[in-house]
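Below is one structure, written out as structure tokens; the observations come after it.
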Amino acid sequence: MDETKILIVEDEPLFRELLSHALSEASGMEVIAQTGDASTAVRLATEMEIDVVIMDIELGGDMNGIDAALQIKGSRPGTGIVILSVHNDRRYVTTLPLESTPGWAYLLKDRLPDLATLIRAIEGSKAGMVVLAPEIVASLYPRKGSLMEALTPRQRDVLGLLAQGYSNAAIAHRLTLSEKSVETYINAIYQALHLSSEPEIHARVKATLLFLEDSQVN
């Protein structure tokens with residue numbers, strides 16, 4: 001399988017180097033460029049064959065990370081974007097064009113728990129999915145009268161892990177279930193959210209977006 005080609009955009013040199021080193025040691029990952037400047041990031045992402053951009057939201061200069069990410073998506077919509085942010089607020093996530101340009105992840109820079117979480121975000125954004133930070137998922141609960149409220153607690157557990165970019169096999173491992181049981185739960189979630197006729201990746205994206213839209217902060 002081809003390695004995932006990554007551009008790191010981070011204006012803190014030490015953190016940028018730590019990310020680069022960790023990902024370079026990970027199987028299937030290749031950091032091919034890094035910068036601390038948004039304008040340079042846009043240029044590199046459009047000139048080079050980049051699969052995923054890891055983008056700090058707070059960058060010095062005339063352009064922040066969101067603006068740079070939107071420019072990259074405008075010219076290379078298939079490029080996955082992993083946003084690193086200090087803002088643990090669903091409002092920052094929902095300002096992103098998650099449905100019109102799929103392939104986004106939103107992680108908390110100061111609470112990134114482990115490399116596996118970052119790799120899930122990279123792989124999910126590359127595949128066109130939407131991946132949310134574990135802390136954001138944990139802070140949300142269904143709005144009264146919403147479709148999400150109709151889900152069982154176990155279905156919400158499965159959906160929360162799906163929104164974090166976990167595969168069916170990984171969800172099964174986390175919840176001590178069989179993969180067949182996870183598939184059954186996911187199919188039931190799609191039916192409850194009226195997504196059962198959608199293609200698989202689009203259904204996952206829509207389910208994650210509904211999770212955001214139909215939830216409020218706990």
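Values in this text are rule-based calculations from the coordinates and carry no lab data. Quantities reported herein were computed from a predicted structural model and do not represent experimental measurements. Here the Cβ positions follow ideal geometry from the backbone for every residue, glycine too, while neighbour counts run over all protein chains shown.
The translational diffusion coefficient of segment 28-134, from Stokes-Einstein at 37 °C and 0.692 mPa s with a Kirkwood hydrodynamic radius over alpha carbon pairs, comes to 241 µm²/s. Using C-alpha pairs under 8 Å with a sequence gap of at least 6, the mean separation divided by the residue count of the chain gives a relative contact order of 15 percent. The stretch between Ala150 and Glu3 holds 48.9 nm of extra length on full extension. This uses 0.36 nm per residue minus the Cα-Cα distance. Relative protection proxy for 161-173, 15-27, from highest mean packing down: 161-173, 15-27 (other beta-carbon atoms within 10 angstrom).
Subtracting the Cα-Cα distance of Val217 and Arg43 from 0.36 nm times their residue separation leaves 58.9 nm of extension gain. The string of couplings for segment 139-147 from the Karplus curve (6.51, -1.76, 1.60, θ = phi - 60°) is 8, 9, 9, x, 5, 4, x, 7, 4 Hz, one whole number per residue in order, with x for Gly and Pro. Relative protection proxy for 178-184, 6-12, from highest mean packing down: 6-12, 178-184 (other beta-carbon atoms within 10 angstrom). As a length-normalised measure over Cα pairs under 8 Å and 6 or more apart, the relative contact order of segment 4-132 settles at 21 percent.
On C-alpha positions alone, give me the angle between the axis of helix 38-47 and the longest principal axis of the chain, in degrees, nearest 10. Roughly 80 degrees between the two axes.
In the chain, the longest principal axis of the Cα atoms and the axis of helix 153-163 are about 20 degrees apart.
Over all distinct Cα-Cα pairs of segment 137-217, the Kirkwood formula returns a hydrodynamic radius of 12.5 Å.
Of Tyr190, Tyr141, the sequence from fewest to most neighbouring Cβ atoms within 10 angstrom is Tyr141, Tyr190. Estimated at 0.36 nm per residue, the fully extended path between Glu17 and Thr176 surpasses their Cα-Cα distance by 53.6 nm. Extent along the principal axes, Cα only, for the chain: 46, 34, 30 Å, with the longest axis given first. Close amide H pairs (under 5 Å, H built 1.01 Å from N) link Val82 with Val53, Ile54, Met55, Ala105, residues at least 5 positions away or on another chain. Structural descriptor for segment 137-217: relative contact order 45 percent, calculated from alpha carbon pairs under 8 angstrom and at least 6 residues apart. By the beta-carbon count within 10 Å of each Cβ, the least crowded to most crowded order of Lys126, Lys144, Lys5, fewest first, is Lys144, Lys5, Lys126.
Between 0 and 90 degrees, the angle of helix 179-192 with respect to the longest Cα principal axis of the chain falls at about 80 degrees. Judged by the mean number of other Cβ atoms found within 10 Å, the most tightly packed of the peptides 202-213, 106-117, 55-66 leads the ranking 202-213, 55-66, 106-117. Listed by Cβ neighbour count within 10 Å, with the fewest neighbours leading, Arg156, Arg174 appear as Arg174, Arg156.
Convex hull volume of the C-alpha atoms in segment 43-99, normalised per residue: 84 Å³.
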